[in-house]
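Read the figures in this text as sums done on the coordinates, not as results from a lab. Since the structure is predicted, the reported quantities are computational estimates derived from the model, not experimental observations. As a convention, Cβ positions derive from the backbone with ideal geometry for all residues, glycine included, and neighbour counts pool all protein chains shown.
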Amino acid sequence: MYVGNKNVEETGIGLRVTDFVRRDSIVRRIWGDGDMVLLIFAGCAAEFALNRAVDWLFFTGKLPGDPIGRLFSTAGYAQHIVFADTGTASRTLDRIQSAHKAVEHQRGQQIPDWAHRDVLYMLIDYSERAHELFARPLSADEQSELYNVFYRVGIGLGIPDLPTSYIEWAADRACHVRRDLLYSEGTEALYAQYRKHVGPWRYHLLLRVQAVLAPAHVRGLLQLSSAAWLRPLLRVYPLLVRAGLRSIVQRLLMPARYLGAVRGLDHLAPRPLKIAPTRSAHAEPASQRHLAP
């Protein structure tokens, strides 16, 4: 049963288990929706390729070798934390931290703290952007809740110097985007792998989705063309889901070998989404508009 803030469940043997994320949380709503998770990682794929620490991805070889498979693996870890009790989430965070330390030991270098913050910040930002595209902008309380969840993830991973509030994070996120991203040979190599693994026309669709999702500075570095036509289509997508056409759309948009993994991203029963009001093609979430030039 649920008590209090719906964050505690009583087991059959009388023990109480505390969820890492409240069961009525907007974070569970976002990360339980497979379509939103795909949007989050479409945006992250752009920034991963631009990050000044991209050489770490090439050192392990996992992301360049199988970028789509790595996406689903990372999504699985994130969802395992979001939908876990606090004890399970803590153990998962410990395993991730141990994996990072093993890579550092193998390379003989330490992953920079700012690079860890970059990845955490991306997940926060694109969670908000994905929800706005498919549903509506987050309220101020939901923004704070989103940040609080990922702040606790960051603390669990031992990431230092994290801002203590959403407002402080938004300012630091802007600094990170300006300071830590650049177009490099690594960027070009990763995008070549994206194209190889999803095919030419799906690759061009990925670029259009990234043009809708990404902050202005990211779009500029990648020279992404305007995708004003895509935003209304994304707004219609929830109607296709309610009409029972989701599986057909997924078969069109994803290579067949990944369909099982795509459908495995759903952790919540589908429910109607309100279609967001029309916005400009490159509109930023309210807290992020200062990222635009």
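Classification of region 26-291 by its C-alpha gyration tensor yields a rounded form. The axis ratio a/c (a ≥ b ≥ c) stays under 1.5.
With 0.36 nm allotted per residue and the present C-alpha distance subtracted, the Ala171-Ala102 stretch has 21.6 nm of extension available. Placing +1 on the Cβ of every Lys and Arg and -1 on the Cβ of every Asp and Glu, with nothing else charged, gives region 151-205 a dipole about its Cα centre of roughly 300 debye. Among the chymotrypsin sites (Phe, Trp or Tyr not before Pro) in region 144-224, those located in a DSSP loop and surrounded by at most 16 other Cβ atoms within 10 Å of their own Cβ are Tyr183. I'd like the FRET efficiency for Phe59 and Ala243, computed as 1/(1 + (r/R0)^6) with the beta carbon distance as r and R0 of 41 Å, rounded to 0.05. It comes to 0.35. In terms of its alpha-carbon gyration tensor, region 185-254 comes out oblate; a/c meets the 1.5 threshold, while b/c is at least as large as a/b. Local charge for Gly34 was computed over the other residues whose Cβ lies under 10 Å away, with Lys and Arg +1 and Asp and Glu -1, and equals -1. Sorting Leu157, Leu133, Leu221, Leu182 from the fewest to the most surrounding beta carbons within 10 angstrom yields Leu182, Leu157, Leu221, Leu133. In summary, the convex hull built on the alpha carbon positions of region 72-121 has an orientation-averaged projected area of 3.9 nm². Pairwise alpha-carbon distances in region 77-194 exceed 16 Å for 68% of all pairs.
Tally Lys and Arg at +1 and Asp and Glu at -1 over the other residues with C-beta under 13 Å from the C-beta of Leu252: what net charge comes out? Don't skip to the answer; put the middle values down first.
Numbers: positive: Arg202, Arg246, Arg251; negative: none.
Around Leu252, the surrounding residues sum to +3.
Remark: region 26-291 carries a charge dipole of roughly 1000 debye about the Cα centre, counting +1 on each Lys and Arg Cβ and -1 on each Asp and Glu Cβ.
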